[in-house]
Amino acid sequence: VEIELSNGILGQGVSIGGEPGCFIVERHLSRFLEGQDPHNVELLWDQMYKATVNYGRKGLTIQAISAVDLAIWDCLGKLHNVPVYKLLGGKTKGVLDVYATTARPDIAKKLGFVGAKFPLPYGPADGEKGMKANVELVKKFRKEVGADFPLMID
């Protein structure tokens, strides 16, 4: 989602939802945003949420609202020339450790992440053979990254 303020400042917000999410933003949510003051971010969120309650409250609709919300905050940060975290009350930690969600934990470790979460390619429909293949994948990743690098399964 991209929002442009009247002074030309652009804010971006990203979420899941693809074209259906864009449809919701362009055909429904935009009417609550055009010509409005971005400083009223809570009011705008509340209006979008209440206007979509009959078909939303979770899933695709909330993802679309989330992308708009992120774009509004991005605009406000650029408008005031401060990072968004300062608009939200400032730092709560000196350092924020982050893990990567990836199919390649070894690369996550090389890039400096503190851990990695990865998907298992096989599910219940793949039976015992799939479960054994998943176990082997976990063993492979553990060997690649070592014992001190946290691994999580998505």
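The values are calculated or read from the model by the stated rules, or taken from the named source; none is laboratory data. Just so we're clear, the structure is a prediction, and the values are computed from it rather than from any experiment. Ideal geometry is used to build each Cβ from the backbone, glycine not excepted, and the neighbour counts take in all protein chains shown. Protein only, heavy atoms only, side chains kept; ligands, DNA and RNA dropped before computing areas. Shrake-Rupley method; radii C 1.70, N 1.55, O 1.52, S 1.80 Å.
Measuring against 20 Å, Cα to Cα, the residue pairs LYS117/LYS143; LYS50/LYS86; LYS58/LYS91; LYS58/LYS117; LYS110/LYS139; LYS110/LYS140 contain LYS50/LYS86; LYS58/LYS91; LYS58/LYS117 as the ones spanning a longer distance. In order along segment 49-66, the phi-based Karplus estimate (6.51 cos²θ - 1.76 cosθ + 1.60, θ = phi - 60°) of 3J(HN,Hα) comes to 4, 5, 6, 10, 4, 5, 10, x, 6, 6, x, 4, 5, 5, 5, 5, 4, 4 Hz; Gly and Pro are listed as x.
When you restrict to C-alpha pairs under 8 Å that are six or more residues apart and normalise by the size of segment 1-103, the relative contact order lands at 38 percent.
Here are labelled values, [x] 93, 44, 23; [y] 103, 67, 21; [z] 56, 40, 23, and one is the computed Cα extents along the principal axes in Å for what I pasted. Which one? From the options [x] 93, 44, 23; [y] 103, 67, 21; [z] 56, 40, 23, the structure gives [z].
If you keep only loop residues by DSSP, which trypsin sites (Lys or Arg not before Pro) in segment 74-154 have at most 13 other Cβ atoms within 10 Å of their Cβ? Sites meeting the loop and neighbour criteria: LYS91, LYS93. Over the chain, DSSP H runs of length four or greater, each weighted -39,500 (n - 2.57), average out per residue to a 222 nm ellipticity of -14500 deg cm²/dmol. When THR102, THR92 are compared by accessible area of protein heavy atoms, the largest-first order is THR92, THR102, using a 1.4 Å probe. Given their separation in residues at 0.36 nm each and the Cα-Cα distance between them, LEU87 and PHE23 gain 20.1 nm when the chain is fully extended. For LYS117, the residues whose modelled amide H falls within less than 5 Å of its own, excluding neighbours fewer than 5 places apart on the same chain, are ALA100, THR101, THR102, MET152.
Shown in residue order for segment 4-15 are the 3J(HN,Hα) couplings computed by the Karplus curve 6.51 cos²θ - 1.76 cosθ + 1.60 at θ = phi - 60°: 10, 7, 4, 8, x, 5, 10, x, 10, x, 10, 7 Hz (x for Gly and Pro).
Each Lys or Arg adds one and each Asp or Glu subtracts one; over the other residues with Cβ under 14 Å from the Cβ of GLY115, this totals 0. Restricting the GluC sites (Glu not before Pro) of segment 3-70 to loop positions (DSSP other than H, G, I, E, B) with no more than 15 neighbouring Cβ atoms within 10 Å leaves GLU34. Derived scalar couplings between HN and Hα for segment 98-110 equal 10, 9, 9, 9, 7, 8, 10, x, 4, 5, 4, 5, 4 Hz in order, rounded to whole Hz, by the Karplus curve 6.51 cos²θ - 1.76 cosθ + 1.60 (θ = phi - 60°), x for Gly and Pro.
At an R0 of 30 angstrom, the distance between the Cβ atoms of THR101 and LEU10 translates into a FRET efficiency of 0.65.
The dipole here belongs to segment 18-73: it is taken about the Cα centre, uses +1 on the Cβ of Lys and Arg and -1 on the Cβ of Asp and Glu, and is about 260 debye.
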